[in-house]
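Visitor: Would you mind keeping the following structure in view while I ask a few things?
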Amino acid sequence: MAIQSAKIGCGPEGTPDTWFPILEDVVQQANDLGIVLGALPPADQAPCDSIVVDLLEAWNRCVEATRRAVELGLPSHHRDVVALGDWLVHTKGQLCNIGDMPDQAQRELSATVISQQIFDFGQQLTACRHWDALKRRANWLAECSRAAGRWTQVVPWDRMGYLNLTNTSYIIAFARRYRMERPDRFRGPDACRCGFCARAGGVRRFDGDHDESDCMKRGWNKTLVHHTIVDALVRMLKHCGGFVEGSIKSEYKYWDPARVGTDGTRRVPDVTCTDKQGKEYVIDARIFWNAMSESSNGFMAYTDTGVGAVRGEAEKRRSWDAAMLRRAEAAPAGVEFIPFSLEASGVWGPAARRFFAKCLYLADDDRDIDVYHWSSAKFSSTWHDTFSILLARGRAQVSVAASRGDWPKRTQDQAYSDQNHASAA
């Protein structure tokens, strides 16, 4: 990598000229050594300086690691590295071409290391025979995304509190992300009396999984979280500025022409809006909570990061097909359905990402610290942060609701415990 930073131009016959000619000598010697020997000599028989052997050894390791990653078909997890094998194409895998490495060469090599570590970790989880291994793998996949951890990096600042997290919310969201047990005061009762527990008695559960995924008493709390996402969508569309003012509506009761009668396909969209070309967008938000579910469609089916959001999109499209066909007849400029599907961890579905990219284009990635803030001065970063914070808060609301009914009993138990300690003292 030092070769790149040491270049100052080209010398005679197009050869690179550097501030440190010894670098060229070391590279040439290491390349010649690799051609002659085909492998590294024993340490006690090294025919040249150790720096030459070190360079050849490091190069061979990098080439071998990248070729293995390419053979396995591993994706790059770095947004600025498109494909892991690009640097091999540039250099043809030959040490003498090290000067042809892409810009930010260290980043190219680091991307390979990260992808292999993620792959190896996933293989270990798959091979593990611990009773909770499958759920730990599903949890890791659900949280294996930059969007899932974005709330941990947000700097709270706005007066309205949209980007603020309380200590309780942070603790619970942190515990759920890393599959840790929540503090005692935030745990629900061991014997939950919801209908699911009655049907699945004796199921071995990890703390928090049932409250967030299966508990039938938490439906209203999850609905409230859904409402906060809808409100945020309305605010985002208004800030975007690319939609006709007055066309942005939430819970538009009479949007569907089948509003008369008892048609079971009648739909009420969460948000509707129209762009300045007259095209209508119908947005229906959904949050996937069941990554850790004990049901037949739960964690066993969670096979890849974002699979819950994709599944939610498919379900939304099926339930909206009839309504969209009816609406198309009354929308001469076109109408598009957007299943804005999110996971409780914070991962976005493909349709949600595509629609946000359109909003970003219409907003021209607006950067304004007076409207936003220095910590997230762009339209894009502000709204990514906002949705991440709202979902982290939502997980905390569900957990606290599950534990609230058990607080009086715990308070009483604590009082008895204090009394016993006092007597013993």
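Visitor: Which FRET efficiency value, to the nearest 0.05, is calculated for Asp100 and Ala127 with the Förster distance at 51 angstrom and r the Cβ-Cβ distance? Intermediate results must be reported in sequence, preceding the final value.
Guide: Numbers: r = 39 Å, r/R0 = 0.77.
Efficiency, rounded to the nearest 0.05: 0.85.
Visitor: Ranked by Cβ crowding within 10 angstrom, fewest neighbours first, how are Lys279, Lys238 ordered? It would help to have the intermediate numbers written out before the result.
Guide: On the way: Lys279 15, Lys238 12.
Arranged by neighbour count, lowest to highest, Lys279, Lys238 become Lys238, Lys279.
Visitor: Using Cβ contacts closer than 10 Å as the measure, can you line up Thr265, Thr126, Thr112 from fewest to most? Before the final figure, lay out the partial values.
Guide: Values: Thr265 13, Thr126 10, Thr112 24.
The order, fewest Cβ neighbours first, is Thr126, Thr265, Thr112.
Visitor: Can you tell me the FRET efficiency between Leu325 and Lys238 if r is taken as the Cβ-Cβ distance and R0 is 35 Å, rounded to the nearest 0.05? It would help to have the intermediate numbers written out before the result.
Guide: On the way: r = 29 Å, r/R0 = 0.83.
With a Förster radius of 35 Å, E is 0.75.
Visitor: State which entries of Lys222/Lys253; Lys358/Lys378; Lys238/Lys276; Lys222/Lys316; Lys276/Lys358 exceed 19 angstrom in Cα-Cα distance in the structure shown. All intermediate terms of the calculation are to be shown ahead of the outcome.
Guide: On the way: Lys222/Lys253 21 Å; Lys358/Lys378 15 Å; Lys238/Lys276 13 Å; Lys222/Lys316 17 Å; Lys276/Lys358 13 Å.
Check vs 19 Å cut-off fails for Lys222/Lys253.
Visitor: Report the extension gain between Arg185 and Leu72 in nm, rounded to one decimal, defined as 0.36 nm multiplied by the number of residues separating them, less their alpha carbon distance. Write out the running numbers ahead of the final one.
Guide: On the way: separation 113, 0.36 × 113 = 40.68 nm, distance 4.56 nm.
Extra length from Arg185 to Leu72 when fully extended: 36.1 nm.
Visitor: Using the number of other C-beta atoms within 10 angstrom as an exposure proxy, rank Met324, Met236, Met216 with the fewest first. Before the final figure, lay out the partial values.
Guide: Working: Met324 16, Met236 19, Met216 13.
Neighbour counts put them in this order, fewest first: Met216, Met324, Met236.
Visitor: Karplus couplings for the stretch 135-148 from phi (6.51 cos²θ - 1.76 cosθ + 1.60, θ = phi - 60°), rounded to Hz, Gly and Pro as x?
Guide: 6, 5, 5, 4, 5, 4, 5, 5, 9, 7, 7, 4, 5, 5
Read the figures in this text as sums done on the coordinates, not as results from a lab. Here the structure is a predicted model, which is why all the values come from computation and not from measurement. Note that we place each Cβ from the backbone using ideal geometry, even for glycine, and neighbour counts take in every protein chain shown.
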